[in-house]
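The values are calculated or read from the model by the stated rules, or taken from the named source; none is laboratory data. This is a predicted model, so every value here is computed, not measured. Here the Cβ positions follow ideal geometry from the backbone for every residue, glycine too, while neighbour counts run over all protein chains shown. What goes into the accessible areas is simple: the full protein's heavy atoms, side chains included, and nothing from ligands, DNA or RNA. Shrake-Rupley method; radii C 1.70, N 1.55, O 1.52, S 1.80 Å.
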Amino acid sequence: MAELQVFQYSPSKSRPSPASSIRSIEPSPQKNRLPCTTIVLPRKRSASSSEETSPTKKRLDSSGGEAVLSKFSPSKSPTHSNHAAVAARFDFALGSSFSGSPGLYNTVKASRRIELSFSLVRDGRYISPPSKDAWKELTSLFPTIYHIDITPPFLTIRVKTLPPKPWPSKVAGMPLRLTTSETEDFFKLGANGQGQKALTQYNLQKEYITQDILKQVALFYLNDLKVKLVEIAWIGFYWIVIVSDDTNIKPLPCKVAGHACGYHFASQAPRQDPAALRAKKPDGTVYDDSSYDRNPAQPLRPGVMLSSSMDHGIFSSSSSGILVADEDGSMFITASSHTFATDNKVYHPKPWGRQIGTVHHKIPYTDISLVKLNSGIRYLNEAFGVEADVNGTRMAGILTYSQNTPSLECRAGDDIWMDNPFSGRCEGTFLGPSLKVEGIPEKITLVRQKWMVFENGTGEPIEGSCGSAVMDDQGRVIAFFRFLSKDGISVGVAAQELRENGYEMVGGAHEF
């Protein structure tokens, strides 16, 4: 019977950094997740093996805590060379009883994501487990698993008893959903069209989606088929096509550009209205409402709390975005438009704090506002630090889709993250791009959006996350969080919309 080794990695110790890079208050979801990753690798047996390549000795650490490996070089790891130490190792046989591996079970529960000896996502496309042993790896993760569904964009694991939260957010490259239900579906693929295949000159089975292909597909529905298109998204293996309720779905294409289509009526795919979010946060949620403008040596940065004026005793709050400049060199920070719906005054952190700026311009249909900060305020395009990386993350520019370099774009299954005063540091997974149809039929606007899934220890981003800059693992800004749909999909407007409207990100710290 095949055997596996499970390594639990602890993050490397970061060098001390100025206190200004760390939040004054950690939002509660951040405290609920351990900064570790479980990696499951096939156990290699060899007649002659060195201690370095086949670690078998264990010792107790100096604190008398959990056993650690005395001979293992993280640089040998194929996926996590930046981690410093192995915190624990567990050996188990595939298909064996889980009762003998309580340590492994606890490790799985504590992990943000679990990387197995295979991945269910390759080059932005979802694939099946490559072997029977791969299936057995999946079934070994939780004690009471009785069924596994791989239905992109989610890996659904059905268990008899749910483990205590928080749960891993990602397994083998796919966002995880755990349930005790035999029938619960976390994502509806939609109805099938019975029309002929369309746009066969493109084949997304072999090539990756580009902004041009996405636009051509949207225009095909709008102009050629005369369909009242609401939104179209590509999620790595499938088209999600949202149309008006009076559309006859039956004659619509069964496949477009080599991939199947799932049709949804607008009323069946409700999107949460950002303006309907709570103005006051519920009790029991810790969020970062620190006044970062009180220290002259500490600049404001992405992820600080912004608020509207008080209106009849209520106000709205959201998160600051990035620092940008227009073609004339005038600088602004981004924020969510719906937060400042009355007098356009912007406060930090709350209305009884300090007015730090005024909304200068709102980009139509995007929920992006450009805020002009008051004189004397400094702003730094760098995210807050966390325990695993106290030095923070410097933004590396706006990610733009390019037809010539599709390999450099964000793909389905890629890791993304955001940091805001309500949810803290949230890890997530990119699902795919979409185009939202806005305006009147005589003058439509196609707004670029991104579909994503996030985790933060509570299962979803907390209200107020709007305006947060969403980044990839290279620090490139791909979107600004907009809202969470009822099916658990997060939607953000593409950061490229800024560039299309004449704004470019500014690096470093600047004073207004």
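With 0.36 nm allotted per residue and the present C-alpha distance subtracted, the Thr151-Ala297 stretch has 47.6 nm of extension available.
Treating r as the C-beta distance of Ser290 and Thr161 and R0 as 51 Å, the FRET efficiency rounds to 0.80. Shape class of region 99-139 from the Cα gyration tensor (axes a ≥ b ≥ c, square roots of the eigenvalues): oblate, since a/c reaches 1.5 or more and a/b does not exceed b/c. Each residue was assigned an accessible area with a 1.4 Å probe, and for Leu189 the value is about 50 Å². Modelled this way, with points 7 Å down the Cα-to-C-beta line, the labels at Arg394 and Thr139 are 5.1 nm from one another. Label zone of Lys350 (point 7 Å out along Cα→Cβ, amide N under 19 Å): in region 414-447 this covers 420-424.
With every protein chain left in place, what is the accessible area per residue of region 296-452 in square angstrom, probe 1.4 Å? Please report the intermediate quantities before stating the final value.
Details: 5840 Å² over 157 residues.
It amounts to 37 Å² per residue over region 296-452.
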